[in-house]
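The values are calculated or read from the model by the stated rules, or taken from the named source; none is laboratory data. Not measured: the values here are computed from a predicted model. Cβ coordinates were reconstructed from backbone atoms using ideal geometry, including for glycine residues, and neighbour counts include every protein chain displayed. Accessible surface areas use protein heavy atoms only, side chains included; no ligands, DNA or RNA. Shrake-Rupley method; radii C 1.70, N 1.55, O 1.52, S 1.80 Å.
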Amino acid sequence: MAPVVSLRAAVALTGRFPALAGADLTVGSGEVVVLDGANGAGKTTLLRVCAGLVPVTGGEAVVLGYDLRRSHTAVRRQVGMLGHAPALYDDLTVLDNVRFAVRAAAGDPARVDAAMERLGLVGRLRRTPVVRLSAGQRRRVSLAVLVARRPPLWLLDEPHAALDAATRRLLGELVEEAATGGATVLLASHEPDAALPLADRVVTMGGGRVLGECDGWRGRSLGPSPRAVGGSHVA
Amino acid sequence: MWRDALLVAGKDLRIEMRSRVVLNQVVPFGVLVLVLFALALGPDRRPMVQAAPGLFWVSVLFSSVLAVQRSFSIESAEGARDGLRLSGLDPAGIFLGKLGAMTVQLLLLDLILGAGVVVLYGAHVRSVGAVVTAAVAGTVGLAAAATLYGAMAAGLRVRETLLPFLFLPVASPVLVAGTRAWQGALGTAASGSGPWLRILLVFAVVYLALGVVIYGPLQEAT
């Protein structure tokens with residue numbers, strides 16, 4: 001089966017700066033890959049390249065069968081991206097935002113209610129303008145759009161930021177369900193504790209390149225964490 | 001394209017219905033311009049009637065700058081612009097949708113400012129058809145040019161100050177032709193409105209076609 005993401009010596013510029021400077025990465029269907037690396041390593045640019053938001057100027061880049069060197073825009077409708085900003089309209093309600101995003105991406109509007117319920121966006125919250133929501137609640141609205149759209153490729157940039165413990169757990173479940181359902185997930189994170197249990201592979205980036213990779217912890221039985229053993233840290 | 005245009009126009013109009021920025025800020029600004037000119041021209045009605053067509057279009061022009069800034073500021077906040085690009089909507093549809101929503105808002109402004117010209121300046125409408133045709137054609141043309149230049153400036157940090165510099169000179173044909181068409185329709189000039197209405201229509205068609213063709217590349221480049 002052809003890989004969902006295939007980058008060979010991919011170069012992408014931010015202004016004149018090569019934010020991706022010859023990145024190589026192959027990701028298969030149903031895989032969850034965590035991108036690790038310091039600030040400025042190129043994680044966000046790699047996600048934006050895969051989303052078709054940043055053009056590839058060198059090397060090869062094929063995502064979901066679309067050759068991004070030929071046209072970087074065609075892949076967009078197949079991709080769901082959770083970026084640093086929630087991509088929502090402040091003056092619209094939660095329901096209006098999710099409905100618009102799903103319709104705009106030619107998704108099935110019938111899935112909107114179930115997705116919102118899954119993310120706990122129920123009751124009065126549905127009719128609340130996004131401008132009145134906390135950062136974590138906005139993140140949940142963006143996640144509801146992803147869940148309702150069901151794209152074959154999920155691109156998550158620091159998805160745990162601003163989320164409480166319960167929503168972090170829910171995010172883990174959603175990623176697991178998406179991957180089990182055949183979707184591919186690329187996740188950039190600075191929070192290994194939260195991201196590693198979700199990952200099949202961890203790819204380390206630096207200087208706009210892939211420096212190395214190792215196995216993730218997805219599917220492993222981790223047992224109790226060292227802190228939990230013995231109950232209390234008090235001597 | 002048309003489905004996408006309706007979706008975007010509906011979204012922009014819904015945002016306006018909830019925020020009422022155009023209604024509560026842009027429309028009062030346009031009325032304020034008319035009132036200030038009325039004060040400046042003094043109690044004598046004759047110069048006010050003579051100047052009424054030009055002042056109407058100046059007010060519409062200035063107000064349209066505010067309206068287009070608002071239309072693109074809602075896309076700049078919270079990464080909404082990326083969301084719109086990622087949705088895969090047809091860029092021509094996005095252009096037509098944003099243009100449609102802005103046209104609806106500016107036509108409402110035209111109606112209010114037109115009433116202001118009659119009430120404040122004592123203007124008499126002799127040809128309602130010419131007044132309405134000029135207002136609609138001029139407004140569509142203004143909205144099309146404003147949407148195009150708004151998209152051009154959208155990705156820039158200096159967009160608020162740059163947009164008027166880009167847009168106002170380009171919109172000057174609408175100011176001149178709209179004023180002359182209204183002078184004919186209000187009977188303050190000897191010449192008729194016909195040739196000026198044609199200029200307004202050509203301007204609108206040219207910017208509509210230009211927007212449909214180049215909005216996509218413009219959206220990607222900024």
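Here are a few things to note about the model shown:
- Hits in region A:130-159 - residues which are in contact (Cβ under 8 Å) with a residue 40 or more places away in the chain, of a type in the set (D, E, K, R) and farther than 12 Å from A:VAL175 by Cα: A:ARG138, A:ARG139, A:ARG149, A:ASP157, A:GLU158
- Among (1) of a type in the set (Gly, Ala, Ser); (2) open to solvent by less than 30 Å² (accessible area, probe 1.4 Å); (3) in contact (Cβ under 8 Å) with a residue 40 or more places away in the chain - the single one A:ALA104 does not satisfy: (3)
- Taking the criterion of being in a helix (DSSP H, G or I), open to solvent by less than 60 Å² (accessible area, probe 1.4 Å) and farther than 22 Å from A:ASP157 by Cα, the residues of region A:118-131 that qualify are A:GLY123, A:LEU125, A:ARG126.
Condition check ((1) outside any loop (DSSP other than H, G, I, E, B); (2) modelled with pLDDT of 90 or more; (3) open to solvent by 10 Å² or more (accessible area, probe 1.4 Å); (4) not aliphatic (A, V, I, L, M)) across all residues:
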{"site": "A:ASP113", "(1), (2), (3), (4)": "yes, yes, yes, yes"}
{"site": "A:MET116", "(1), (2), (3), (4)": "yes, yes, no, no"}
{"site": "A:GLY136", "(1), (2), (3), (4)": "yes, no, yes, yes"}
{"site": "A:LEU146", "(1), (2), (3), (4)": "yes, yes, no, no"}
{"site": "A:THR167", "(1), (2), (3), (4)": "yes, no, yes, yes"}
{"site": "A:VAL185", "(1), (2), (3), (4)": "yes, yes, no, no"}
{"site": "A:HIS190", "(1), (2), (3), (4)": "no, no, yes, yes"}
{"site": "A:ALA195", "(1), (2), (3), (4)": "yes, no, no, no"}
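- Candidates B:SER76, B:SER71, B:SER87, filtered to the one that is within 14 Å of chain A (Cβ to nearest Cβ), closer than 24 Å to A:THR73 by Cβ and open to solvent by 20 Å² or more (accessible area, probe 1.4 Å): B:SER76
- Pairs are defined by a Cβ separation below 6 Å, a sequence spacing of at least 6 or placement on different chains, a first member in region B:11-24 that is free of Cβ contacts under 8 Å to residues at least 60 places away in the same chain, and a second member that is in a helix (DSSP H, G or I) and of a type in the set (Val, Ile, Thr); the pairs so defined are B:ILE15/B:ILE74.
- Only listed residue being open to solvent by less than 10 Å² (accessible area, probe 1.4 Å) and not in a helix (DSSP H, G or I), chosen from A:LEU163, A:LEU156: A:LEU156
- Residue count for region A:79-111, restricted to those that are at the interface with chain B (Cβ under 9 Å from one of its Cβ atoms) and in a loop (DSSP other than H, G, I, E, B): 12
- Filter pass, B:PHE37 being within 22 Å of B:TYR207 (Cβ to Cβ) and either hydrophobic (A, V, I, L, M, F, W, C) or open to solvent by 40 Å² or more (accessible area, probe 1.4 Å) (or both): no
- The one condition from (1) part of a helix (DSSP H, G or I); (2) more than 11 Å from every other protein chain (Cβ to nearest Cβ) that B:ASP82 does not meet is (2).
- Within region B:198-222, residues that are within 14 Å of another protein chain (Cβ to nearest Cβ) reach partners that are in a helix (DSSP H, G or I) and among the hydroxyl-bearing types (Ser, Thr, Tyr) with beta carbons closer than 9 Å, at six or more positions or on different chains, in the pairs B:TYR215/B:THR147.
- Any hit, region A:54-65, residues being out of contact with any Asp or Glu (no Cβ under 9 Å at 6 or more places or on another chain), within 11 Å of chain B (Cβ to nearest Cβ) and surrounded by 17 or more Cβ atoms within 10 Å (Cβ to Cβ): yes
- Meets criteria (surrounded by fewer than 16 Cβ atoms within 10 Å (Cβ to Cβ), among the hydrophobic types (A, V, I, L, M, F, W, C) and within 16 Å of A:GLY206 (Cα to Cα)) for A:ALA23: no
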